[in-house]
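Below is one structure, written out as structure tokens, with a few remarks after it.
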Amino acid sequence: MLAAFYVTYFVFASFSFNVAQQQQQPLQYVDGYRSSCKFHQAGTFNLIISAPHGGSLMPTDVPDRTQGGCRRSGSYCTWRYDDKCFDGQRCTATTVQDYLSGEFAENVAEELNSKHGLKPFVVIGKWSRKKVDFNREINEATLNHPEAISAYQSYHTNLQYAIDQVKQQYGNGLLIDIHGQGVGNFTMVGYLLDSDLLNRDDLQSTLGTITSIEQICSLSNRTECIRGQTSFGTILETNELGIAYPSMAHPKPGNGTFFEGGYITRNYILKINAIQTELPYDIRAGPYKRVNAMKYARALIDYMTVNTILLKNSKSTM
């Protein structure tokens, strides 16, 4: 498999060099509902980039989610912006921004376009997470405020449209959900396997838990798929993007905080392969963020190529 990969890589690199000599038009974005998000739907290959948590816009007529939800005796949390919760206890809503994760996603998309002649589908959040969380189920995400609901639906309608286009045009593809984290200087690659499962020696023992890349994992054993040579974590490291968990060199995340994938990763896996990446500050926002975006774009191409899922249409110049 590796020999075939490097032959493919050489051919791909040659194509990419030729594309780099051509002038590529920048990706054109359209704003969603009240500029809550922006999207590019004229994709020319089967990759979708999502970045829900980098937004900073704060519409004044939408209440902050910082109040959280309400848990009453013997019940789960309910989420309403107008609930005073006098007879219950507050549930915490996460509102921290993944600083510059949206810009990083946009830079990755532009690298794919300008350097490789590949236009991904893209959906990027613009509203602050204090107003709406595009990576939660709708009640927690919006506190059931009508304007927040409309913003949320705008993001997910466009994400669903992109998935439908990929399914219709290519049959399968990859949804990459880009986030930022401040836990440590490493990347967490989320396939819906938590740290307890990833810390096992043999990942075949985790087959009772579905991953977010079942279509890809069906082509090899799970250990290879999740932390082997063809895994996304290993390919990120090969492209000099620092430490990634899980990967061949760093197979187990240990006992620290690990984000295995959120609502977006979990919600769409019946239609498309999905991976969440939690990037450290230095990768997404440090002084070499543009270089890192270039490397991340290269890693996506390498990953999709070695796992034989990269498909493009005639509009691609690669």
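Computed from the coordinates by the stated procedures, all read-outs in this text should not be read as laboratory data. Model, not experiment: these values are computed from the prediction. Don't worry about glycine lacking a Cβ; one is built from the backbone with ideal geometry, like all the others, and counts go over all protein chains shown.
Treating r as the C-beta distance of residue 220 and residue 144 and R0 as 25 Å, the FRET efficiency rounds to 0.05. Only Lys, Arg, Asp and Glu carry charge here, each on its Cβ (+1 for the first two, -1 for the last two); on that basis segment 23-306 has a dipole of about 300 debye about its Cα centre. Using R0 = 30 Å, the C-beta based FRET efficiency linking residue 196 and residue 72 works out to 0.45. Separation of segment 255-270 and segment 91-135, taken as the distance between their Cα centroids, equals 16 angstrom. Using the rule -39500 (n - 2.57) for each DSSP H run of four or more residues, divided by the residues of the chain, the 222 nm mean residue ellipticity is -10500 deg cm²/dmol.
So how do 249-261, 124-136 stack up, highest first, on mean other-Cβ count within 10 Å?
124-136, 249-261
Take segment 140-187, compute every pairwise Cα distance, and split them into 10 Å bins from 0; I just need the percent in each bin. Pairs per bin, as whole percents: 21, 30, 31, 17. Which entries of 167/312; 131/289; 38/119; 252/289; 167/271; 115/289 show an alpha-carbon separation above 19 angstrom in the structure shown? As for pairs spanning more than 19 Å Cα to Cα, those are 131/289; 252/289. With one equal scatterer per alpha carbon and no solvent term, the Debye-computed log10 I(q)/I(0) for the chain at 0.15, 0.16 1/Å reads -1.24, -1.38. Measuring from each cysteine beta-carbon in the chain, the ones with no other cysteine beta-carbon under 4.7 angstrom are 37.
By count of other Cβ within 10 Å, fewest leading, how are 150, 205, 73, 231 ordered? Don't jump to the answer; show the numbers that get you there.
Details: 150 16, 205 12, 73 7, 231 29.
Arranged by neighbour count, lowest to highest, 150, 205, 73, 231 become 73, 205, 150, 231.
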